[in-house]
Amino acid sequence: MKIDVRINSLQLGEGNIKANAAIRLDESIEIRNVRVMNGKNGLFASMPSYKDADGDFREICSPCKELRAEINAAVVDAYNLAIGQMQGQTAAQGQYGGNFNQSEQSYEAAPTMSM
């Protein structure tokens, strides 16, 4: 399966949310509002979710185990690539450049990571 990942914005603070992303599966379906989270076992992709009446979070779309592993790998790789690009820009500029935001760009224009 081809997985394209677009990192829309990086969250550079101290919280658990590290970035927001969108993924496209086999040029057929796009899933937005995927978060790159820092958990107790490292970075992972959190699928879009909502809070139910009991206060629990429920995923809007839930991939099977094998696909979830592929999505996690692709999203984390794209996040690391975006961080590397931002650090390269920061070194070249000699200053901190703020959030890495590509939300207005298309998949064709935005840097992506495909697996």
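Scanning residues 5 or more positions from A19 or on other chains, those with amide H under 5 Å from its amide H are Q11, V36, with H placed 1.01 Å from N in the peptide plane. Ranking P48, G88, V34 by how far each Cα lies toward the positive end of the dipole of segment 30-91 (charges on Cβ) leaves G88 at the top. A simple rule links phi to the HN-Hα coupling: the Karplus curve 6.51 cos²θ - 1.76 cosθ + 1.60 with θ = phi - 60°, which for segment 55-61 gives x, 8, 8, 10, 5, 6, 10 Hz, with x for Gly and Pro.
Where a number appears in this text, it was derived from the coordinates with a stated rule and is not lab data. It should be emphasised that the depicted structure is a prediction, and the values quoted were computed from it without experimental measurement. In this analysis, Cβ positions are derived from the backbone assuming ideal geometry, glycine residues included, and neighbour counts consider all displayed protein chains.
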